[in-house]
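**Student:** One structure coming up, written as structure tokens, with questions to follow.
None of the figures in this text is laboratory data; all of them are computed from the coordinates on show. As the structure is a computational prediction, the values presented were derived from the model and not from experiment. Note that each Cβ is placed from the backbone with ideal geometry, even for glycine, and that neighbours are counted across all protein chains shown.
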Amino acid sequence: MTAMKKVEAASDLEIVITRLIDAPVARVWRAWTDNAEIVKWWGPHGFADETEKREFKPGGHWRHTMIGPDGTRFPNYATYKEIEENKRIVLVNAGSKEDAEKGVGFRSEITFKAVGNKTEITMRSVFPTAAMREHVVKEFKAIEGGHQTLSRLAARVEGDFVMFRMVGAPRERVWRAWTSEKELGAWMGPKGAETGYAKLDFRVGGSYHYMNKYAGKEMWGLATYEAINKPSELVFVQQFSDKDRGLSVHPLSPTWPKRLRTTVHLQDFGAKTLISLYWKPLAPTEAEAKTFEQAMDGMKGGWGGSFDRLDEFLKGGE
């Protein structure tokens, strides 16, 4: 009796991730094809990339190491098979050069489609077996990682600010620090700031109204919550305000964007938590967009100071 070979459905072999990015195809293509750019956004939240060699041409190789937020190193070796400018990239991925030589790996196809002045990008990964697909989904969280990678790409080409920070407390504890009126007032704000007023209405549509005393000035702010997904994601719109909750301007920078969307992701890393922060101006004027772009280095210091305060606060226990 002859055993019948199981035929695996295409859906059992593939991972397909699509995202609409607010940038033209030429800009998104450059982010993928410029060696200096791709290392600035490639990989899931908190990852860095060290590229030893990258030849972006059919038959060329990309030898690089992805470094996780906890320092774990993941060697990667890819070979480019097909390249159609502004349209399509096909490559074969392997864990290492040795794996590639043994034929171990999977095929990726990235397509770029213009949608008006935006770009629809699709990453399709095809695995030799359903078991291998299942392995990378469970062990390496490939689907979540793919979405995070495209989030970083979108932020890169759309001009958003992105920052990652590991803090020494479990996610549930960090969530409480972001969602409690008393705790927010204890750490939110740059180093040297003191919270003089805080009122939290924590719900979608609710707000956090606060005042920080900093550099000899009272700085009022208002954050309005757009999404709350416990214990992993917060989305809120921030603006400078006044004691009556009105819209105000940055007291030290009049051309600072009036409203910004803040997205905060919290991710488990054992007893620690990775915070991924995205900051995006909403409908900025040309002057506001320029001010935001030029202030990127300062934002690292400002948010870095807040995260330093958060880390110290979390070390203090409750």
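**Student:** Ratio of Rg to Rh for the chain, alpha carbon only, Kirkwood? Don't skip to the end; give the middle numbers.
**Tutor:** Details: Rg = 22.3 Å, Rh = 21.8 Å.
Across the chain, the Cα-based Rg/Rh ratio is 1.02.
**Student:** Mind sorting SER151, SER108 by how few other Cβ atoms lie within 10 Å of their own Cβ, fewest first? Could the numbers behind the result be given before it?
**Tutor:** On the way: SER151 21, SER108 17.
Exposure proxy ranking, most exposed first: SER108, SER151.
**Student:** Something else: Cross-link partners among lysines for LYS290, C-alpha distance below 18 Å, same-chain residues fewer than 8 apart left out?
**Tutor:** Filter leaves LYS258, LYS280, LYS300.
**Student:** Do the sum for the chain: with -39,500 (n - 2.57) for every DSSP H run of n ≥ 4, divided by all residues, what is the mean residue ellipticity at 222 nm, to the nearest 500 deg cm²/dmol?
**Tutor:** Rounded to the nearest 500, the figure is -8500 deg cm²/dmol.
**Student:** Still on this structure: Once you have a ≥ b ≥ c as the square roots of the Cα gyration tensor eigenvalues for segment 227-301, tell me rounded if a/c is under 1.5, and otherwise prolate or oblate according to whether a/b is larger than b/c. Walk me through the numbers before you get to the answer.
**Tutor:** Working: a/c = 2.46, a/b = 1.69, b/c = 1.45.
Prolate, because a/c is 1.5 or more and a/b exceeds b/c.
**Student:** Based on other C-beta atoms within 10 Å, arrange MET299, MET211 from fewest to most.
**Tutor:** Values: MET299 15, MET211 20.
Lowest count first: MET299, MET211.
**Student:** Here is a further query. For the charge dipole of the chain, defined by +1 on Lys and Arg C-beta atoms and -1 on Asp and Glu C-beta atoms about the Cα centroid, which residue among VAL39, LEU13, PRO170 has the Cα displaced farthest towards the positive pole?
**Tutor:** Farthest along the dipole direction, towards plus: LEU13.
**Student:** Moving to a separate point now. Counting other beta carbons within 10 Å of each Cβ, put ASP244, ASP70 in order, fewest first.
**Tutor:** Working: ASP244 8, ASP70 11.
Fewest-to-most Cβ neighbours within 10 Å comes out as ASP244, ASP70.
**Student:** Next question. Determine the equivalent ellipsoid of segment 162-315 by diagonalising the alpha-carbon gyration tensor, then write out the semi-axes as square roots of 5 times the eigenvalues, largest first, rounded to whole Å. Display every interim value, and only then the final one.
**Tutor:** Values: eigenvalues 112, 58, 51 Å².
After scaling each eigenvalue by five and taking roots: 24, 17, 16 Å.
**Student:** Next up: Between rounded, prolate and oblate, where does segment 18-177 land on the alpha carbon gyration tensor, with a ≥ b ≥ c its root eigenvalues, rounded for a/c under 1.5, else prolate if a/b exceeds b/c?
**Tutor:** Taking the square roots of the gyration eigenvalues as a ≥ b ≥ c, segment 18-177 is oblate.
**Student:** Give the long-range amide H neighbours of GLY60: residues separated by 5 or more places, or on another chain, with amide H under 5 Å away, using H modelled in the peptide plane at 1.01 Å from N.
**Tutor:** TYR80
**Student:** Alpha carbons only, please: Rg and Dmax for segment 118-184, in angstrom.
**Tutor:** Cα radius of gyration and Dmax of segment 118-184 are 17.1, 52 Å respectively.
**Student:** What are the trypsin sites (Lys or Arg not before Pro) within segment 221-318 that DSSP puts in a loop, where the Cβ has at most 16 other Cβ atoms within 10 Å?
**Tutor:** On the way: sites: LYS243, ARG245, LYS258, ARG259, ARG261, LYS272, LYS290, LYS300, ARG309, LYS315; in loops: LYS243, ARG245, LYS258.
Here the sparse-neighbourhood loop sites are LYS243, ARG245.
**Student:** Would you please name the GluC sites (Glu not before Pro) within segment 40-95 that are DSSP coil residues with at most 14 other C-beta atoms within 10 Å of their C-beta?
**Tutor:** For GluC sites (Glu not before Pro) across segment 40-95 that sit outside H, G, I, E and B with at most 14 neighbouring Cβ atoms in 10 Å, the list reads GLU55, GLU85.
**Student:** For SER248, what residues show an amide H to amide H distance below 5 Å, using hydrogens built from the backbone and excluding near sequence neighbours?
**Tutor:** PHE240, SER241
**Student:** Here is a further query. Classify segment 21-113 from the C-alpha gyration tensor, please: rounded if a/c falls under 1.5, else prolate or oblate depending on whether a/b exceeds b/c. Don't skip to the end; give the middle numbers.
**Tutor:** Details: a/c = 2.01, a/b = 1.19, b/c = 1.69.
Since a/c reaches 1.5 but b/c is at least a/b, the shape of segment 21-113 is classed as oblate.
**Student:** Something else: Mind jotting down the distance between the C-alpha centroids of segment 48-100 and segment 242-261, whole Å?
**Tutor:** 43
**Student:** From the phi angles alone, apply the Karplus equation (6.51, -1.76, 1.60; θ = phi - 60°) to segment 192-209 and give each ³J(HN,Hα) in whole Hz, x where the residue is Gly or Pro.
**Tutor:** So the Karplus estimates, Gly and Pro as x, are x, 7, 10, 7, x, 7, 8, 9, 10, 10, 8, 6, 5, x, x, 8, 10, 10 Hz.
**Student:** What chymotrypsin sites (Phe, Trp or Tyr not before Pro) does segment 50-139 have in DSSP loop regions with at most 16 other beta carbons within 10 Å? List each step's numbers first, then the result.
**Tutor:** Details: sites: PHE56, TRP62, TYR77, TYR80, PHE106, PHE112; in loops: PHE56.
Listed in order of number, the matching sites are PHE56.
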